[in-house]
Amino acid sequence: MKINLDYSEIATTAQDQFRSDILQGFRLEQKRIPSKYFYDARGAELFEEICTLEEYYPTRTEIGILEKHIAEMASSIGPHTRIIEFGSGEGVKTKLLLDGLDRPSVYIPIDISQEQLEVTSSVLRQAHPGLEVLPLAQDYTAPIILPKASSAFNRTIVFFPGSTLGNFERQEAADFLRMITGLIRETGKLLIGIDMVKDRATIEGAYNDSEGVTAAFNVHLIERLRDELGLDIDPADFEHYSYFNEIESRIEMHLVAKHRLEVVILDEKIIVEEDEHIVTEYSHKFTIASFESLAARVGLTIEHVWQDDKKYFAEILLAGVCD
């Protein structure tokens, strides 16, 4: 199964692709840096630190839902499954799922961080000796060829926790879900984490923590442009800004230039004006109805919804038939 949601110019190496994506993003009227570039080794560390913060409710809330309802989830999913996970990270939620499932056969974690992927895969192999673990280190929005498993399995389960779907634009989200219908086909299922619409203070607090970890995570993108691409750009020239856009039902994370800058990328001079915003991430929030509508566009139907008591978050099981 090949996946292709990448809109950047063709490049021959990961660094060329990085540079090309940045140039494309800086050419836009509303400048952007693709959020996938948060997650080098340092970015992954910062994000894991964010997940432990008091203000950042999504991670602990989703873990609580998994802990409370994993037996029901496992019963709905069934035995001897192939699990494909996009953006596996440190694997805390993965461990909860695998520990709860009935004799899972194959696990394919896909993550951009090679180092983190190797560590997580090693831990899971030790914890589940009968599980075939086939890690794939790459950006899951780029073309993907899944590794071939030697173990037999009954059905494919796609596990997509963390409300990462919210980082896509609406059409991109639909395209990604459509790709998932091709992976799970008639007998498989999608188990996905979705962050729900709630009061502005709670949402904005999660992306503007008092310890400044989210700000460091955001500004780390500029560090990568300087250190990996050799751009003459200083992280100190930018500040973190995020807010909840109620019309679009999304958090927007921006980097704001403190003064006018000239940035040269592939011999092209880009002007960043004082107070100009560079978008680094969107995180869309859903209602059950809005997510159900999005899923229905690509032939996915909701089988079960599990939520916390405050209804801050939802873990949703879906099934579908390939077009």
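The values are calculated or read from the model by the stated rules, or taken from the named source; none is laboratory data. None of these values were measured; they are calculated from a predicted model. FYI the Cβ positions are ideal-geometry reconstructions off the backbone, even for glycines, and counts take in every protein chain you see. Only protein heavy atoms, including side chains, enter the accessible area calculation; ligands, DNA and RNA are left aside. Shrake-Rupley method; radii C 1.70, N 1.55, O 1.52, S 1.80 Å.
So how strong a dipole does the chain carry about its Cα centre when Lys and Arg Cβ are +1 and Asp and Glu Cβ are -1, to the nearest 20 debye? If you can, show how the numbers build up before the last one.
Numbers: 32 positive and 56 negative charges, 303 e Å.
That gives a dipole near 1460 debye.
If you take the square roots of the eigenvalues of the alpha-carbon gyration tensor of the range 154-196 and sort them as a ≥ b ≥ c, do you get rounded (a/c under 1.5), prolate (a/b over b/c) or oblate?
Numbers: a/c = 3.37, a/b = 1.52, b/c = 2.21.
In terms of gyration-tensor shape, oblate.
Could you please state how large a percent of the accessible area of the range 238-298 is carbon and sulfur, counting protein chains only and using a 1.4 Å probe? Please list the in-between numbers first.
On the way: 1320 of 2860 Å².
Result for the range 238-298: 46 percent of the exposed heavy-atom area is carbon or sulfur.
Between Thr187 and Gln15, with labels modelled 7 Å along Cα→Cβ, what's the label distance in nm to one decimal, could you check?
4.7 nm
Go through Leu266, Thr141, Ile222 and say which Cα lies farthest out towards the positive end of the charge dipole of the chain; charges sit on Cβ, +1 for Lys and Arg, -1 for Asp and Glu.
Comparing the listed Cα positions along the dipole, Thr141 ranks first.
Tally the DSSP beta bridges in the chain and give the antiparallel ones as a percent, rounded to 5.
Expressed as a percentage, antiparallel bridges in the chain total about 65.
Using R₀ = 25 Å, calculate the FRET efficiency as 1/(1 + (r/R₀)^6) where r is the Cβ-Cβ separation of Glu246 and Lys311; round to 0.05.
Calculated transfer efficiency: 0.85.
Give, rounded to the nearest 20 debye, the magnitude of the charge dipole that the range 1-146 has about its Cα centre when Lys and Arg contribute +1 at Cβ and Asp and Glu contribute -1 at Cβ.
Details: 14 positive and 23 negative charges, 69 e Å.
Around 340 debye, computed over the range 1-146.
What distance in nm separates the two pseudo spin-label positions at Asn154 and Ile302, each 7 Å out from Cα along the beta-carbon direction?
2.6 nm
Can you classify the range 230-282 as rounded, prolate or oblate using the Cα gyration tensor, where a ≥ b ≥ c are the square roots of its eigenvalues, rounded means a/c under 1.5, and otherwise it's prolate if a/b beats b/c and oblate if not?
Here the range 230-282 falls in the prolate category.
For Ser290 paired with Leu146, estimate the spin-label separation in nm (one decimal), with each label point 7 Å from Cα along the Cα-to-Cβ line.
3.0 nm
Placing +1 at every Lys and Arg Cβ and -1 at every Asp and Glu Cβ, with all other atoms neutral, what dipole size does the range 199-298 have around its Cα centre, in debye to the nearest 20? The partial results should precede the final answer.
Numbers: 9 positive and 23 negative charges, 92 e Å.
Rounded to the nearest 20 debye, it is 440 debye.
For the range 32-114, rounded, prolate or oblate, judged on the Cα gyration tensor with a ≥ b ≥ c (square roots of eigenvalues), a/c < 1.5 rounded, else prolate if a/b > b/c?
It is oblate, given that a/c is not under 1.5 and a/b is not larger than b/c.
Using the alpha-carbon centroid of each, what span in Å lies between the range 231-261 and the range 113-134?
36 Å
Using a cut-off of under 20 Å, list every residue of the range 134-165 whose amide N is near the label point 7 Å from the Cα of Lys95 along the Cα-to-beta-carbon line.
134-136, 159-163
Report the extension gain between Gln138 and Glu54 in nm, rounded to one decimal, defined as 0.36 nm multiplied by the number of residues separating them, less their alpha carbon distance.
Details: separation 84, 0.36 × 84 = 30.24 nm, distance 3.06 nm.
My answer for the length gained is 27.2 nm.
Per-residue ellipticity at 222 nm for the chain, helices alone: DSSP H runs ≥ 4 residues times -39500 (n - 2.57), over residue total, nearest 500 deg cm²/dmol?
Counting only the DSSP helices, I get -11500 deg cm²/dmol.
For the range 167-186 and the range 29-73, write down the distance between their C-alpha centroids in whole Å.
20 Å
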